[in-house]
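> Before I ask anything, let me first share the structure, which is written out below as structure tokens.
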Amino acid sequence: MTEPRLDRVLLTNDDGIDAPGLAVLEEVAATLAQEVWVVAPVHDQSGTSHSLSLHDPLRVTGHGPRRFAVSGTPGDCVALGVRHIMAAHPPTLILSGINRGANLGVETVFSGTVGAAMTGMLLGIPSIALSQAFTDGQPVRWETARALAPEAIRHLARTGWPDDCCLNVNFPGCAPEKAAGLRLATQGAGLLDGIDAIVRTDPRGLDYYWLKLRRSQKPDRPDTETAALAAGYVAVTPLRFERTSDAAYEALRGRI
């Protein structure tokens, strides 16, 4: 069980270095940590999970003191931050986010926000992914994450968590004064139904495609992060790499 220290904190995200959620996280981290570093993607990298750019060179550009943009994925940012930019004095905690939109259930497998935290865990650094839920067509309540994140991060750092997992934190899409506090949750199924391929035709008559995630409200277990978030709680879910299906393993035991 590790109790992360707040002296040297590395921030990253998947929405890009100019994203409003990262600006909120920088404000929050400045109230918590002695030293804050930012290593974030140049552009939006949503949906890139924990992917690493193994076949392309990476460029790093400075964006102010202890602030860098990387021409790659959130995983690339964490790897470069820990192994190169901060190599002499690695971070004691990695915070990824604050993502525009919740990361729930199956969708966490695709999330670059969660992927960055998983990469941090792989490198031996305690890591937390943070996301702000919102309703389509409505403004994102960044004030909720701004108000609730400092104490949530402090509490989780004091509590600590096992080295083989990272934490996935989702803030509810309500006003901060209406939020109900922290609730430990399981991953559950979430809201993701599938992936659609949308075809369009360019001015030259050639087809191109957009991939679109399809989501819908559906029943989930009461102990899940989706249920906790719907009830106004800040959902905290420990995630790990191990994804073996115990039920399938037992069903196949002796048959393979």
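> Filtering the stretch 231-249 down to residues that are in contact (Cβ under 8 Å) with a residue 12 or more places away in the chain and not in a loop (DSSP other than H, G, I, E, B), which residue is nearest to residue 109 (Cα to Cα)?
Result: 239.
> For the condition in contact with an Asp or Glu (Cβ under 9 Å, 6 or more places away or on another chain) and farther than 27 Å from residue 213 by Cα, what is the one hit in 80, 123, 93, 104?
None of the other options fit; the residue is 93.
> Tell me, which strands (runs of 3 or more DSSP E) wholly within the stretch 1-63 include 2 or more residues that are in contact with a Pro (Cβ under 8 Å, 6 or more places away or on another chain) and either modelled with pLDDT of 90 or more or of a type in the set (D, E, K, R) (or both)?
8-12, 35-41
> Within the stretch 219-230, track down each residue that is assigned to a helix (DSSP H, G or I) and over 13 Å from residue 169 (Cα atoms).
Just the residues of the stretch 219-230 that are assigned to a helix (DSSP H, G or I), to begin with: 225-230.
Result: 227, 230.
> Among the residues of the stretch 170-191, which ones are surrounded by fewer than 13 Cβ atoms within 10 Å (Cβ to Cβ) and within 18 Å of residue 21 (Cβ to Cβ)?
Matches in the stretch 170-191: 175 only.
Per-residue answers, yes or no, for (1) farther than 16 Å from residue 103 by Cβ; (2) acidic (Asp, Glu):
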residue	(1), (2)
188	no, no
211	yes, no
230	no, no
234	no, no
246	yes, yes
250	yes, yes
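> Can I ask one more? Among the residues of the stretch 6-18 satisfying the criterion of being out of contact with any Gly (no Cβ under 9 Å at 6 or more places or on another chain) and more than 17 Å from residue 120 (Cα to Cα), which is surrounded by the fewest Cβ atoms within 10 Å (Cβ to Cβ)?
Once the filter is applied, the top-ranked residue is 18.
> I'm trying to understand the selection: among the residues of the stretch 9-24, which are farther than 16 Å from residue 77 by Cα and touching a residue at least 24 places away in the same chain (Cβ under 8 Å)?
Within the stretch 9-24, 20, 21, 24 qualify.
Let's see how each residue does on (1) within 19 Å of residue 225 (Cα to Cα); (2) at pLDDT 95 or above:
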| residue | (1), (2) |
| --- | --- |
| 120 | no, yes |
| 123 | no, yes |
| 127 | yes, yes |
| 139 | no, no |
| 143 | no, yes |
| 147 | no, yes |
| 155 | yes, yes |
| 172 | yes, yes |
| 180 | yes, no |
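> Could you list, in sequence order, the residues of the stretch 53-66 that are touching a residue at least 24 places away in the same chain (Cβ under 8 Å) and over 16 Å from residue 16 (Cβ atoms)? Give the steps one after another, and end with the answer.
Narrowing the stretch 53-66 to residues touching a residue at least 24 places away in the same chain (Cβ under 8 Å): 60, 63, 66.
66 - this is the single residue of the stretch 53-66 that is touching a residue at least 24 places away in the same chain (Cβ under 8 Å) and over 16 Å from residue 16 (Cβ atoms).
> So, in the stretch 193-218, exactly how many residues are polar (S, T, N, Q) and either part of a strand (DSSP E or B) or surrounded by 10 or more Cβ atoms within 10 Å (Cβ to Cβ) (or both)?
Of the residues in the stretch 193-218, 1 are polar (S, T, N, Q) and either part of a strand (DSSP E or B) or surrounded by 10 or more Cβ atoms within 10 Å (Cβ to Cβ) (or both).
> For the stretch 223-256, which positions are of a type outside the set (A, V, I, L, M, F, W, C) and either farther than 19 Å from residue 183 by Cα or at pLDDT below 90 (or both)? Before the answer, list the steps.
Step one: list which residues in the stretch 223-256 are of a type outside the set (A, V, I, L, M, F, W, C), which gives 223-226, 232-233, 237-238, 240, 242-246, 249-250, 253-255.
Across the stretch 223-256, the qualifying residues are 242, 243, 244, 245, 246, 249, 250, 253, 254, 255.
> For the stretch 174-192, indicate whether the set of residues that are among the β-branched types (Val, Ile, Thr), part of a strand (DSSP E or B), touching a Pro at 6+ places or on another chain (Cβ under 8 Å) and on the phi < 0 side of the Ramachandran plot is non-empty. Reasoning before the result, please.
Start the filter on the stretch 174-192 by keeping residues that are among the β-branched types (Val, Ile, Thr), which leaves 186.
Next, only the ones that are part of a strand (DSSP E or B) stay: 186.
From what's left, touching a Pro at 6+ places or on another chain (Cβ under 8 Å): none.
Taking every residue of the stretch 174-192 in turn, none turns out to be among the β-branched types (Val, Ile, Thr), part of a strand (DSSP E or B), touching a Pro at 6+ places or on another chain (Cβ under 8 Å) and on the phi < 0 side of the Ramachandran plot.
The values are calculated or read from the model by the stated rules, or taken from the named source; none is laboratory data. Just so you know, these numbers come straight off a predicted model, no measurement behind them. Glycine also receives a Cβ, built like all others from the backbone with ideal geometry; neighbour counts cover every protein chain displayed.
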